[in-house]
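Here it is: the structure, laid out below.
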Amino acid sequence: MDGLQTKLLSSLEKVFLDEEPMGPGPGRATVLTNEAYGFQWALQSKNHKLDEVYVEVTGPLADWAAVRAVSVVPVEYAVQIDHDGFVLRDRPGLFPDRLDPIPCHGLKLLPGQWRSVWISLEPKKLLPAGVHEVGVQLKDREDFVLAEDKLTIEVIDAELPAQRLIHTQWLHCDCLASYYGLDVFSDEHWERIEQFIETAVDHGINMILTPIFTPPLDTAVGAERPTVQLVDVEKRGDEYQFDFKRLKQWVQICRRLGVEYFEFAHLFTQWGAKHAPKIVAMEDGAETRIFGWDTDAGGPEYAGFLDQFLPALIDFIRAEGLEKNSYFHVSDEPRPEHMESYGRASSILKRHLTDFPIMDALSDFSFYETGLVEKPIPANNHIEPFLEAGVEGLWTYYCVSQYKQVAQRFMSMPSQRSRILGWQLYKFAVEGFLHWGYNFYYSQYSRQLINPFYITDGLAFAPAGDTFLVYPGQDGPLESIRIKVLREALQDLRALELLQSLAGRETVMELMERDLDQPLTFSQYPQEAQWLLQKRQAVNEEIVKRM
């Protein structure tokens, strides 16, 4: 059609309304039979508004294709004022991020604006091996083809190995109840929880934050988040009884959906471990908050409670066969001035949890050096001392504070800055990755509910993209560009591990770094999207050669 421009683009491009995309196309793509593969089709009608146009995928892989519109979202807080240069835009505006189903009435193309659709091959069953031509067509309501492009995808007859990385993005059950207006753990709430866990698992999240008690995270001192407590407690004087029926339901749902690991919510408050989390119990026939901000974390009352609760929880874990899949937390992000209070809290847990990993996100090496934390999770901009010390089973994370040099997922940043994470995790043999915001729909300190369709920064809490990966759609979670690219990073990691099983780690490292001026680190890495695309292609070619 005259005046209609189209461009095939890789998944690493971000198409803004007011800028012609200049990034690399997908080229001749290769993919393994159990691997999701995504690319984009950018569209612009120069002179006319087009109503009710539709995108159709043709060819032998059409049955595996999912087509979504890339929707722009409002961004007020794009990035910190002192950001580095590796960003796309640093001013407010409309940024491409949300992936929406194509409406029944089709797409609208406004004159002079660039739009894109995201096309992904989703291998719910294995892709057929071979070289396939994939076509994408833009049609009007009369089924007339307005534009068409084609690309070649070679499906390699090999499978990515199972994901070894332990990956958690914190699921906030109270946010789901608040946003959808549901009673906590009602049938409707459980349905939403299942939807959001299923989407998480589909994208490589295999560990789920489990709210045995309401997680004491991002909560203003003295305030409360809605109660989401899986363990029922009855208090009789100094004695407690515990009912794990709801926790058992949680475990069964998670296992059915493919969750492998359970991350039990923190047992002490954030930023210092000075207080107990909010815990409610039945006492004298009424539900009562028995612990919270007014509880001294190191006092005898809470310690006595944990001395009864933790053995009962361990019995449940063993009965469910979760001994090797359960992880615990003391307190999130302690700082050096918290070492005394953190140490007291940690000692209480260690009386009972010697057979289980206890891990926490932190950045100060002294917590590990002094033995307070045996399984530290340093931020990716503070990981070097932990690498130099040879910490076994090391994890890492990033959040709002990691925005210079290192990998990150803000909407303002190019997608390759997120995807490079997979290569870094491989090189440094990282065991796990954590992020705090899978679906955080509150403002900072959980003071109020926000609408993430309009407020993408948690009400100026953090740069847009830090607080959530999925949007709360009417029919379930709506994915983002960022969760798709994160999955690609994890698939790259698995492809590198497959090649290592065929050719050895030395071969993989040589292939990875052969064209670099300096070795890959968490802060030094190629910034070009083309490097990642070509390097992954080289890995696939080497897999074929070694099979």
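The values are calculated or read from the model by the stated rules, or taken from the named source; none is laboratory data. From a predicted model like this one, the values you see are computed outputs, not experimental measurements. Neighbour counts are summed over all protein chains in view; Cβ atoms, including those assigned to glycine, are modelled from backbone coordinates with ideal geometry.
Given the residues Lys274, Lys278, which is the only one that is in contact with a Gly (Cβ under 6 Å, 6 or more places away or on another chain), surrounded by 21 or more Cβ atoms within 10 Å (Cβ to Cβ) and farther than 30 Å from Arg494 by Cβ?
Within the list Lys274, Lys278, the selection yields Lys278.
If you take the residues of the range 45-81 that are among the acidic types (Asp, Glu) and touching a residue at least 40 places away in the same chain (Cβ under 8 Å), which of them is surrounded by the fewest Cβ atoms within 10 Å (Cβ to Cβ)?
Restricting to residues being among the acidic types (Asp, Glu) and touching a residue at least 40 places away in the same chain (Cβ under 8 Å), the top hit is Asp51.
Can I ask one more? Given the criteria crowded, with 24+ Cβ neighbours inside 10 Å and modelled with pLDDT under 95, does Leu421 qualify?
In short, no.
While we're here: Is it the case, given these coordinates, that Gly432 is under 13 Å from the mean Cα position of the chain (by Cα) and modelled with pLDDT of 95 or more?
Yes, satisfied.
Can you tell me which residue in the range 500-517 is farthest from Lys545 (Cα to Cα), limited to those that are small (Gly, Ala, Ser) and in contact (Cβ under 8 Å) with a residue 24 or more places away in the chain?
Going through the qualifying residues, I end up with Ser501.
Restricting attention to the range 99-107, does a residue exist that is modelled with pLDDT under 95 and either more than 25 Å from Thr199 (Cα to Cα) or in contact with a Cys (Cβ under 7 Å, 6 or more places away or on another chain) (or both)?
yes
Do you know which residues across the range 61-100 are closer than 30 Å to Lys150 by Cβ and in contact with a His (Cβ under 8 Å, 6 or more places away or on another chain)?
Scanning the range 61-100 gives a single hit, Leu61.
Separate question: Right, Arg246: part of a helix (DSSP H, G or I), surrounded by fewer than 17 Cβ atoms within 10 Å (Cβ to Cβ) and touching a strand residue (DSSP E or B) at 6+ places or on another chain (Cβ under 8 Å) or not?
Yes, satisfied.
Further, regarding this structure: Go through (1) over 19 Å from Arg409 (Cβ atoms); (2) of a type outside the set (S, T, N, Q); (3) part of a loop (DSSP other than H, G, I, E, B) and name the single condition Val117 misses.
Val117 satisfies every listed condition except (3).
I would also like to ask the following. What pairs come out if I take residues in the range 300-314 that are part of a helix (DSSP H, G or I) and pair them with residues that are hydroxyl-bearing (Ser, Thr, Tyr) whose C-beta lies under 8 Å away, six or more apart or interchain?
Glu301/Thr295; Tyr302/Thr295; Phe305/Tyr240; Gln308/Tyr240; Phe309/Tyr240
Please determine, by comparing only the residues of the range 196-217 that are outside any loop (DSSP other than H, G, I, E, B) and out of contact with any strand residue (DSSP E or B) (no Cβ under 8 Å at 6 or more places or on another chain), which one is farthest from Phe185 (Cα to Cα).
Out of the qualifying residues, it is Asp202.
Residues to consider are Leu88, Leu94; find the one that is touching an Asp or Glu at 6+ places or on another chain (Cβ under 9 Å) and within 30 Å of Ser523 (Cα to Cα).
None of the others qualify; the one that does is Leu94.
Quick test of your reading of the structure: Thr210 fulfils all but one of (1) farther than 26 Å from Asn325 by Cβ; (2) among the β-branched types (Val, Ile, Thr); (3) crowded, with 20+ Cβ neighbours inside 10 Å. Name the failing condition by number.
Thr210 satisfies all of (1) farther than 26 Å from Asn325 by Cβ; (2) among the β-branched types (Val, Ile, Thr); (3) crowded, with 20+ Cβ neighbours inside 10 Å except (1).
For residues that are in a loop (DSSP other than H, G, I, E, B), more than 12 Å from Leu533 (Cα to Cα) and in contact (Cβ under 8 Å) with a residue 24 or more places away in the chain, tally how many sit in the range 13-42.
The total comes to 12.
Please pick out the residue among Ile153, Ile193 that is closer than 29 Å to Thr396 by Cα and among the β-branched types (Val, Ile, Thr).
Unique residue meeting the criteria: Ile193.
Quick one: Asp466 ticks every box in (1) more than 22 Å from Lys375 (Cβ to Cβ); (2) of a type outside the set (A, V, I, L, M); (3) surrounded by fewer than 24 Cβ atoms within 10 Å (Cβ to Cβ); (4) out of contact with any Pro (no Cβ under 9 Å at 6 or more places or on another chain) bar one, so which box is it?
(3)
In addition: Does Val87 satisfy being on the phi < 0 side of the Ramachandran plot and part of a strand (DSSP E or B)?
no
Please determine whether any residue of the range 361-380 is under 28 Å from the mean Cα position of the chain (by Cα), surrounded by fewer than 13 Cβ atoms within 10 Å (Cβ to Cβ) and assigned to a loop (DSSP other than H, G, I, E, B).
No, the range 361-380 contains no residue that is under 28 Å from the mean Cα position of the chain (by Cα), surrounded by fewer than 13 Cβ atoms within 10 Å (Cβ to Cβ) and assigned to a loop (DSSP other than H, G, I, E, B).
Just the residues that are surrounded by 17 or more Cβ atoms within 10 Å (Cβ to Cβ) and at pLDDT below 95, please, taken from the range 5-23.
The answer is Gly23, and nothing else.
Out of (1) in contact (Cβ under 8 Å) with a residue 24 or more places away in the chain; (2) surrounded by fewer than 18 Cβ atoms within 10 Å (Cβ to Cβ), the odd one out for Pro385 is which?
(1)
Leu353 is checked against (1) in contact with a Leu (Cβ under 9 Å, 6 or more places away or on another chain); (2) in contact (Cβ under 8 Å) with a residue 60 or more places away in the chain and fails just one. What number does that condition carry?
Condition not satisfied by Leu353: (2).
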